[in-house]
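Take a look at the structure below.
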Amino acid sequence: MELFAFVLRGAIETAINLRYLITHGSDATYEAFVRHSLKLEKQLRDRVVAAIEERGGVVMPMEHGMLEGIEAAFRTAEVEPEDVDPVSRAPWSKGGAFGRFKALGVEDLYGPYFGVQSSYVHGAWQELVQHHLEVQPDGRFLPRATFDEGLAVAPLLIAVDVLGGATVDYLRAAAPPTRDRDVLEGRIDVCGENASAIRAAYRRFRGMPDLTGA
């Protein structure tokens, strides 16, 4: 379930980003998204160039390949390396990730669908306690040597919920109105309805409160 949370975090962010760009995208937003995505390439490029300069201009074979790949990324994006600030902490959209959830009207999902998974990805304290440590009677912590995961139903339903919505948005943006599109959208909706029914039954089974309002 922990590994599923890692994968789910990336899938949810991608789905939210896709929906945001489709429904709230503008030229400025797309440009900010691309430049923000190239920050790591710019950081790596600067380090490689600095290392080459330190050794008097000698380029190692691996560095040559790295620079070629980085330059190709900038060319494809039609962005000049000088236009990317590698240390900027400004988000590419208003309010960052939470702002994108809010703009889509699903801000209530940010905590349970994104925040928890982010804590797992970054190795936060709660993630360590829940999955990797055993509390001893004297208050110390020892590594957990067993692998005992609970039911993975909830994360799977989260994936269906978020990715289903993103799929419908993408379908409407990519395909013209046709009967086939309507049929496919209807089937996606049914999948979401079934996931909601299973999620409600799962919460009742586990005695869990509804944190999403869904």
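Assorted remarks:
- Residue within the stretch 53-61 that is in contact with a helix residue (DSSP H, G or I) (Cβ under 7 Å, 6 or more places away or on another chain), buried (at least 16 other Cβ atoms within 10 Å of the Cβ), outside the structural domain of Ser118 (by TED's automatic domain parsing) and over 30 Å from Val116 (Cα atoms) present: no
- Given (1) among the small types (Gly, Ala, Ser); (2) loosely packed, with under 14 Cβ neighbours inside 10 Å; (3) touching a residue at least 24 places away in the same chain (Cβ under 8 Å), number of the condition Ser26 does not satisfy: (3)
- The residues on offer are Phe101, Phe114, Phe74, and the sole one that is free of Cβ contacts under 8 Å to residues at least 40 places away in the same chain and part of a helix (DSSP H, G or I) is Phe74.
- Residue that is modelled with the lowest pLDDT, among those in the stretch 169-214 that are part of a helix (DSSP H, G or I) and among the hydroxyl-bearing types (Ser, Thr, Tyr): Tyr202
- Whichever residue in the stretch 1-22 is surrounded by fewer than 16 Cβ atoms within 10 Å (Cβ to Cβ) and within 29 Å of Glu80 (Cβ to Cβ) and, among such residues, is modelled with the lowest pLDDT: Gly10
- Meets criteria (in the same structural domain as Arg100 (by TED's automatic domain parsing) and of a type in the set (S, T, N, Q)) for Thr76: no
The values are calculated or read from the model by the stated rules, or taken from the named source; none is laboratory data. Note that the coordinates shown come from a computational prediction; the quantities given were computed from them, not determined experimentally. Cβ coordinates were reconstructed from backbone atoms using ideal geometry, including for glycine residues, and neighbour counts include every protein chain displayed.
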